[in-house]
Amino acid sequence: MDNAAAHPFQSNIQDYIDIIKRRRWIVISFCFVTTVSVLIASYLATPYYRATATIVVEGEESNVLTAVESANRGTSFDIFENYLETQMEIIMSGSVAGKVFEQYKMGESPIYAAGKDPFKLFTADILLQRLKGTRIIKISVDNPSPELARDLANG
């Protein structure tokens, strides 16, 4: 019984190793070109910074109710969940995000002015995250300028 029949798996691995040895310059060239391409792309890429502001959303009424009063008024967890979702949509709307967009003249910024809808490009750089089970919303803004990202998030 020959050695290849006794260990077919080892034979296949040895075949691959032989191919790599014969084509080592192609493999080395490929690795070199890929590494240089990634380094150049990383160097030329514009860095983006993320600034995050945290807000707490209070309910429409801040009065403390007893359990009976709450049940009589129909207040429930689902209603507050809808209220939070509504507040998040208001933050992204033209009345809130639009004022920040205008205040900081983002329509004149080269990264937004190049597009068809500068405001839509601006809102794509805003990320809203709600911390589950809380009334906290994190507003994050990505921008090439760390100072501007901070100002936009706070705005």
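The values are calculated or read from the model by the stated rules, or taken from the named source; none is laboratory data. Computed from a predicted model, the values in this text were never measured in an experiment. So basically every Cβ, Gly included, is an ideal-geometry build from the backbone, and we count neighbours across all protein chains shown. Ligands, DNA and RNA are stripped out before the accessible areas are found, and what is left, the full protein with its side chains, is counted by its heavy atoms. Shrake-Rupley method; radii C 1.70, N 1.55, O 1.52, S 1.80 Å.
Below is a table of values for the structure above.
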{"read-out": "Accessible area of the stretch 82-127 belonging to carbon and sulfur atoms, whole % at 1.4 Å probe", "value": "56"}
{"read-out": "Contour excess over end-to-end distance, with Cα ends at residue 127 and residue 45 and 0.36 nm allotted per residue", "value": "27.4 nm"}
{"read-out": "Stretch gain in nm, segment residue 52-residue 86, where the contour uses 0.36 nm per residue and the Cα spacing is subtracted", "value": "10.2 nm"}
{"read-out": "Alpha-carbon centroid distance for the pair the stretch 10-52 / the stretch 127-155, whole angstrom", "value": "36"}
{"read-out": "Surface accessible to a 1.4 Å probe, residue 46 within the full protein complex, Å²", "value": "90"}
{"read-out": "Overall form of the stretch 7-50 per C-alpha gyration tensor (a/c, 1.5; a/b vs b/c)", "value": "oblate"}
{"read-out": "Overall form of the stretch 86-155 per C-alpha gyration tensor (a/c, 1.5; a/b vs b/c)", "value": "prolate"}
{"read-out": "Summed side-chain charge close to residue 15 - residues other than residue 15 whose Cβ falls under 14 Å, Lys, Arg +1, Asp, Glu -1", "value": "+2"}
{"read-out": "Trypsin sites (Lys or Arg not before Pro) within the stretch 107-155, DSSP loop, no more than 12 other Cβ atoms inside 10 Å", "value": "116, 132"}
